[in-house]
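Below is one structure, written out as structure tokens; the observations come after it.
The values are calculated or read from the model by the stated rules, or taken from the named source; none is laboratory data. For clarity, every value in this text was computed on a predicted model and none was experimentally measured. As a convention, Cβ positions derive from the backbone with ideal geometry for all residues, glycine included, and neighbour counts pool all protein chains shown. For the accessible areas, the whole protein counts, side chains as well, though only heavy atoms, and no ligand, DNA or RNA atoms are used. Shrake-Rupley method; radii C 1.70, N 1.55, O 1.52, S 1.80 Å.
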Amino acid sequence: MALGFLIYLFPILAKAYFLLAASYFILNIFMLPPSKKSQEIFLACAYFTGIEVLFRMSKEVVTYEGSKYLVILFSLLGIGLKGISGKGYPYFLYLILLVPSIIVASMTLGLNANFRTNIAFVLTGPVCLGFAALFCYNRKVTKEEIQDIILYILLPIISTTTYLFFYNPSVKDVLSGTQSNAAASGGFGPNQVSSILGLGMFAIVVRIFMKSPTIGMKILNLVILSAMTYRAIVTFSRGGVVAAVIVSGAFLLIYFFKSSAKVKNQIVVSFTLFSVAMAITWSVSSSNTSGLIDKRYANEDALGREKSDIATGRLDLFMEEMYGFVRNPFAGVGASRIKDIRLQTQGVEVPSHNEIGRLMSEHGLLGLICLVILLIKPLAYRSSNKSNVFFFAFYCFWFATINHSGMRIAAPSFLYALTLINIVNDKNPIRRKLLKKPTK
């Protein structure tokens, strides 16, 4: 909370903090004993995944894609220091299949396009996913360590939430309709803000149900969840909120059915408190937006008229991308080329919101192969290793996010990679062999 407040007061601190935090984790990775290096890399990736949007919101980023670059760097350090599983080879193939689109783009991008910036914008997310997946594949993580990883994602999102409250304390003052609202999103893209707050909502739900042993801790976490949910709702960007509902639901279902009868009773009590808190949060959101948020989620405009397109133009963008795939089915139109085509034909630079459509249009058949790898490989791994209670939550977050926000932030890449970890018991149980009584 203090960090969010200080960055609001002095945005330049974001740049210094970025360098300080990156140096801290890199130093730790090299200085810690080999047995602790993997976990430190996980924590470093988790922290920069959670804080990425806050850095961008401050307008004082060292580099716009800095968090993705760091997740790639940390993953490469992990691969170099700790090795990788040979069974993760499909992700090598996935990374190789991304390369031809760069060659195509070098020949097709418009003269006015900044080649490096455009390529980085569309490929850092997929490349981040590839290297993170290689590092995470079948990596052993204890139950306590995965809780720490989720906590390191959550903490900087609390900072982001704090920043939002100071940046825009009164939502009513900036409302102009039911469209996504940048002013209520820290002056930044509502889609990205909603996505990262949705991830924070899931992380705090995990804390409420698994790491809140006392009623006081439950209430504290419910207050944080309510504040985070409120700020996510009033961005008027529905994608992150809907994703949070889906992901939290996937986690709670698996956790409930895997739990003992005693834990199930605790889950029911926590869920009751959780439901009350969410009902109050929605009521406050509705009141503070004069009912406009209800119209937004009902797909209505400010006058209560139903909108013709529930996807707010995303379906048209997706169909354009499918048309690009049909026209160039083998090599695709080239990395970042679909955005360049829209600029040339429509006069507006509209980036893709759907990673599936972008992969197929810009990479062609190779992109389709990449998509098959991404969809199938985690499920195949899950079929032989069911230890990860968060598997479907992580997988759903990745899939939901890439369908409404693409891979603009590191979160879907890192959460996808976490589907591939091997969660083990904190301590291996000691099995004592019973001694047989000597026979006479």
Completion exercise
Whole-percent carbon and sulfur contribution to the accessible surface of the stretch 1-96 (1.4 Å, no ligands, DNA or RNA) stands at 75
Practice task
Would you please give the residues with an amide H less than 5 Å from that of GLU300, counting only those at least 5 places away or on a separate chain, with H modeled from the backbone geometry?
Solution key: LYS307
Handout entry: Nonlocal amide H pairs with VAL141, under 5 Å, H built at 1.01 Å
Key = ASN422, ILE423, VAL424
Problem - Cα-based Lys pair tally, the stretch 187-305, threshold under 22 Å, eight or more apart or on separate chains - result: 6
Handout entry: Residues of type aspartates and glutamates that LYS68 reaches as a straight line, Cα spacing below 14 Å, ignoring anything fewer than 8 places off in the same chain
Key = GLU52
Exercise for the section: At a Cα cut-off below 20 Å, give the aspartates and glutamates reachable from LYS140, other chains included and same-chain residues fewer than 8 away excluded. Expected result: GLU40, ASP148, ASP426
Practice task
Determine ³J(HN,Hα), in whole Hz, for all residues of the stretch 173-189 in sequence, where each value follows from phi through the Karplus function 6.51 cos²θ - 1.76 cosθ + 1.60 and θ = phi - 60°; x replaces Gly and Pro.
Solution key: 6, 10, 6, 9, x, 9, 7, 3, 10, 5, 5, 8, 10, x, x, 10, x
Exercise for the section: At 1.4 Å probe size, with every protein chain present, just tell me what the per residue accessible area of the chain comes to in Å². Expected result: 45
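Considering only protein heavy atoms and a 1.4 Å probe, what is the carbon-and-sulfur percentage of the accessible area of the stretch 362-430?
69
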Exercise for the section: Alpha carbons only, please: Rg and Dmax for the stretch 187-298, in angstrom. Expected result: 14.4, 47
Exercise for the section: Please report, as a whole percent, how much of the solvent-accessible surface of the stretch 226-320 comes from carbon and sulfur atoms (probe radius 1.4 Å). Expected result: 67
Handout entry: Of [x] 373; [y] 167; [z] 175, the label for volume of the Cα convex hull per residue in Å³ derived from the coordinates
Key = [z]
Fill in the blank from the handout: For the stretch 91-101, in residue order, the Karplus 3J(HN,Hα) values (coefficients 6.51, -1.76, 1.60; θ = phi - 60°; whole Hz; Gly and Pro = x) are 7, 5, 4, 4, 5, 5, 5, 7, 5, x, 5
Practice task
Using label points projected 7 Å from each Cα along Cα→Cβ, tell me how many nm separate MET217 and ASP316, to one decimal.
Solution key: 5.1
Completion exercise
The ³J(HN,Hα) series, computed from each phi in the stretch 241-253 with the Karplus coefficients 6.51, -1.76 and 1.60 at θ = phi - 60°, rounded to the nearest Hz and given as x for glycine or proline, is 5, 4, 4, 4, 5, 5, 5, 5, x, 4, 5, 5, 4
